[in-house]
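Below: one structure, written as structure tokens.
Derivation of every value follows stated rules applied to the coordinates shown; laboratory data play no part. Note that the structure is a prediction, hence the values are computed from the model and not measured. We place every Cβ from the backbone using ideal geometry, glycine too, and count neighbours over all the protein chains shown.
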Amino acid sequence: MEKLKSYALFDNSGLIVPGSLVVQKIKPSNKNFKEVFAVKSYDKTTNAYTTIVNSAYPNALLADTFSVKLETYLLTKGVKAKDTVLNLTACSDDVNAPEFANIINIGQSPESLNEFLGPFFGGGLAGYPHTGALGLQAWQSHATTDTSTNGPLLLINFPHIGVSQQPDLVSTSNNVGRILRKGKSSASADNTCGAVVTAAAWVMANLAGGSAPVRGLGVFANNDQYFVLATILYANRVTLCSAPYNFVLNATTYSAGVKLATEYIRAKSFTDLKDTLIPVLSGQKSLYFVTGTFINVDSGYSAFINFNELWLWDSGAWTDLTTAFKATL
């Protein structure tokens, strides 16, 4: 038996038209009607957990809060979420899947991002843009034609990192790079991001030999994304493998090493996208590019986002919107 569903009419600014709520089995024919759900708070964290996250990332915001503020800011630029195709370039890890209202799942990406079209998935391990220029061109070709500028587009590029509140890990400053996953009893053996840890561990193990990763050989055979991440970290091996990071899988340097390695990959992803990959999209108007780090948390709590920069690519030129957007956070 088909269930009744709630629908509401949205105006051109993305707001619900007062008095338009209907409950019926099928969606009304008007394309501006959308299914709506009961209001659900995604602030499932606690003040104590927020303090733990902010001790590692002082400027981190709840992911849902950040996403709503981004949507609001873009609206001041005339960019409506309902017209914007999102390219979510994040790690393939299941905890980075969307969180949906009234559905208990593993994902932690905020439901508010679902206001945008898509998403187009442009990432891979550690959030590096492994789909490259071809992936960006495919995404661009999906831009809506509802506006005269054939767009807009939004690219959010996030590596991810875990921050657990497990007491014994917090007390030894070993809680960054770990989360308590759904169905597990402890966060102690977790690696988030596991791909970052694996690539960093390879660099540490091969440091003495002085040999850079070789595409297609050894552990990198049929493992190209592993090769790319190891290459990024190998280029930063002097710092990554020196005190106080000295990347090894133990309680004294693990968290500092994971955090630094994640930042190296974020910075490289940002540079490659901004300087090399996005510029291949000649003539594209209103492409907004966000870089930051997605912070996963223990199962049952709300994720965070550490924001770094926001840029606009328009007709072959970049405009830095970071300061203006930060003022709204």
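Here is how the numbers come out for the structure above:
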item	result
Peptides ranked, highest mean first, by Cβ atoms within 10 Å: ranges 319-329, 75-85	75-85, 319-329
Length gained when the stretch Ser171-Val214 is fully extended (0.36 nm per residue, less Cα-Cα span)	11.5 nm
Charge dipole (debye, nearest 20) of the chain; +1 at Cβ of Lys and Arg, -1 at Cβ of Asp and Glu	280
Karplus 3J(HN,Hα) series, Hz, for region 63-76 with 6.51 cos²θ - 1.76 cosθ + 1.60 (x for Gly, Pro)	4, 5, 4, 4, 5, 5, 5, 5, 4, 5, 5, 5, 5, 5
Option label - percent of Cα pairs over 33 Å apart computed here, alternatives [x] 38; [y] 14; [z] 30	[z]
DSSP beta bridges in the chain [antiparallel fraction, %, rounded to 5]	55
All lysines inside 20 Å of Lys268 as judged from Cα atoms, apart from same-chain residues fewer than 8 positions distant	Lys259
Helix 194-205 vs. the chain, principal-axis angle (Cα, 0 to 90°, nearest 10)	20
15 Å Cα-Cα reach of Lys182 towards aspartates and glutamates, excluding residues that sit fewer than 8 places from it in its own chain	Asp93, Asp94, Glu99, Asp190, Asp298
Candidate lysines for bridging to Lys80, where Cα separation is under 26 Å - those fewer than 8 sequence places away on the same chain excluded	Lys5, Lys27, Lys31, Lys34, Lys40, Lys69, Lys274, Lys285, Lys326
Principal-axis tilt of helix 47-56 within the chain, Cα atoms, nearest 10 degrees	50
Contact order relative to length of region 58-120, as percent, for alpha carbon pairs under 8 angstrom and 6 or more apart	38
Listed peptides 263-275, 237-249 by packing density, highest first (mean Cβ within 10 Å)	263-275, 237-249
